[in-house]
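A.B. asks: This is the structure I have questions about; it appears just below.
Bear in mind these aren't lab numbers, they're just calculated from the coordinates by the rules spelled out. Owing to the predicted nature of the structure, the values given are computational and were not obtained by experimental measurement. Cβ atoms come from the backbone with ideal geometry, glycine included; neighbour counts cover every protein chain shown.
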Amino acid sequence: MSKKCLPLVLLIIMLFLTGCSSLVGIRTLIPSQVDLTGYKIIAVKSVSAYDYGWSYSSSAYPEIRYDKKTIPTPQALTRALNAMNWSIPYEDTASYLTGVVEDALDQGIYTIIGSTITDRVVRKTAQSYTVRQALLDMDVDALVTGKVTEQTYKTYITATVKTDPVTHKNTYNYYLHKNGTLRYEYVVQDVETLAIIDTYSFSENSTFYEMDSILIGTLYPDGKFVFSDSFTYNATDFTQKFRSMAASFGSTIKKRLTPYYTKSNLSLVSNKTKDENLKIAYEYVDNGMYYDACSIFEEHWNLYSDYVSGYNTAILYYATGRQLQGIELANTVYKTTGEKNALNLYKKLSGMYIKNQTAISQITGEKGTSSSSKEVIL
């Protein structure tokens, strides 16, 4: 970089730094998408593994997708493929997915009866005592069951040919392609009424590598087959791949079934007038001293009714637990100054407040009327 460019770069950096606004972190309780108002104790039964009928070690053994008549298959490649484990981890995936469900529901809102206890209750009471009654005796409000409806892992091998223009001899590269599918469905049932509260089906289709293929190795004209550095016997480790897919379902389960906290970072309006009286307030905010900063902005707003201090006071009111006061002030700032950003802040804070109150009512309210039962599970 030339020396002439340095002043410009420094200027850009300085402008960026000075333009950065102080951020105020606000936690908001978001209501669940499915209304579980009044539900306090939820039991989770282990996810049922994919009903594959039988298990065999070569369930995902790769298909050869090149012309065997024109392209040779090296013995070293065949031996390697035969020595690798191509089984699909059905039971491990179901067990891991059970943990994903339990973690998603365990947001500090409900009392969760884990699968270890729930499964034991189901096993013990299945014949001599109704499962429903056993769960009612434990004060369980809802039962979550689920099953893996599809779990496949397809692999195939392709090959490319490169011919030397001088010797006319061929060099062959062999590639492994992998693609997996995991589908899961859960059901939430009211234990007392047996009504289905919610049912949801997940599906995930993805290639497990960023690239469509991984090079297995190369067959050279002299007949020697050399494995690539990128190919290892771990290439058939399907366990972690399916666990990763199962983990991706957790966020949706949490959002659908339980109120949860999110954090928003609201930017304060910068000190455009360079008022020295406000400088310390921004420093307080940057150090998490919201109450002290709010007092300074509040005093400045009461004296001058200016947009900067009014806007910032509204945010800090909300962040320090005075939500309605913050919403009201944001509206007042808009009416006083005409600044549209103040109106946007009013709408944003109002929306956050409504979500928070809705979530609280879900947690503290009485159990409402459930939807009609689609089927009886218990």
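A.B. asks: On a 0 to 90° scale, report how tilted helix 115-125 is relative to the longest principal axis of the chain, with both axes built from alpha carbons and the result rounded to the nearest 10.
C.D. replies: In the chain, helix 115-125 runs at an angle near 70 degrees to the longest axis.
A.B. asks: Would you mind calculating the relative contact order of the stretch 212-347 from Cα pairs under 8 angstrom and at least 6 residues apart, reporting the percent as a whole number?
C.D. replies: So the answer I get is 12 percent.
A.B. asks: What's the ranking of 112-122, 217-227 by average number of surrounding C-beta atoms within 10 Å, highest first?
C.D. replies: 112-122, 217-227
A.B. asks: If you take every DSSP beta bridge whose two residues both sit in the chain, what share of them, in percent to the nearest 5, is antiparallel?
C.D. replies: 85
A.B. asks: Using the 10 angstrom Cβ neighbour count as an exposure proxy, how do Glu283, Glu185 rank, fewest first?
C.D. replies: Least to most surrounded, the residues fall as Glu283, Glu185.
A.B. asks: About the Cα centre, and with charges only on the beta carbon of Lys, Arg (+1) and Asp, Glu (-1), how big is the dipole of the chain? Nearest 20 debye, please.
C.D. replies: In debye, rounded to 20, the chain gives about 980.
A.B. asks: When a/c is below 1.5 the answer is rounded, else prolate if a/b is larger than b/c, else oblate, so apply that to the chain with a ≥ b ≥ c taken from the square roots of the Cα gyration tensor eigenvalues.
C.D. replies: Note, shape of the chain comes out oblate.
A.B. asks: Quick check on packing: order 130-136, 254-260 by the mean number of other C-beta atoms within 10 Å, highest mean leading.
C.D. replies: So the peptides 130-136, 254-260, ranked by packing, come out 254-260, 130-136.
A.B. asks: Just order 172-180, 71-79 by mean Cβ neighbour count inside 10 Å, highest at the front, would you?
C.D. replies: The densest-packed peptide leads the list: 172-180, 71-79.
A.B. asks: How many nm is it between the label spots at Thr116 and Thr332, if each spot is 7 Å from the Cα in line with the beta carbon?
C.D. replies: 5.5
A.B. asks: Moving on. What relative contact order, as a whole-number percentage, does the stretch 270-378 give when Cα pairs under 8 Å and 6 or more residues apart are counted?
C.D. replies: RCO, the stretch 270-378: 15 percent.
A.B. asks: Step through the table entries Lys69/Lys162; Lys272/Lys340; Lys45/Lys367; Lys147/Lys254; Lys154/Lys224, compare each Cα-Cα distance with 26 Å, and write down the pairs that go over it.
C.D. replies: Lys154/Lys224
A.B. asks: Along Cα→Cβ, 7 Å out, is where each label goes; now give me the distance between the ones at Lys162 and Met289 in nm to one decimal.
C.D. replies: Simple spin-label model gives 6.6 nm for this pair.
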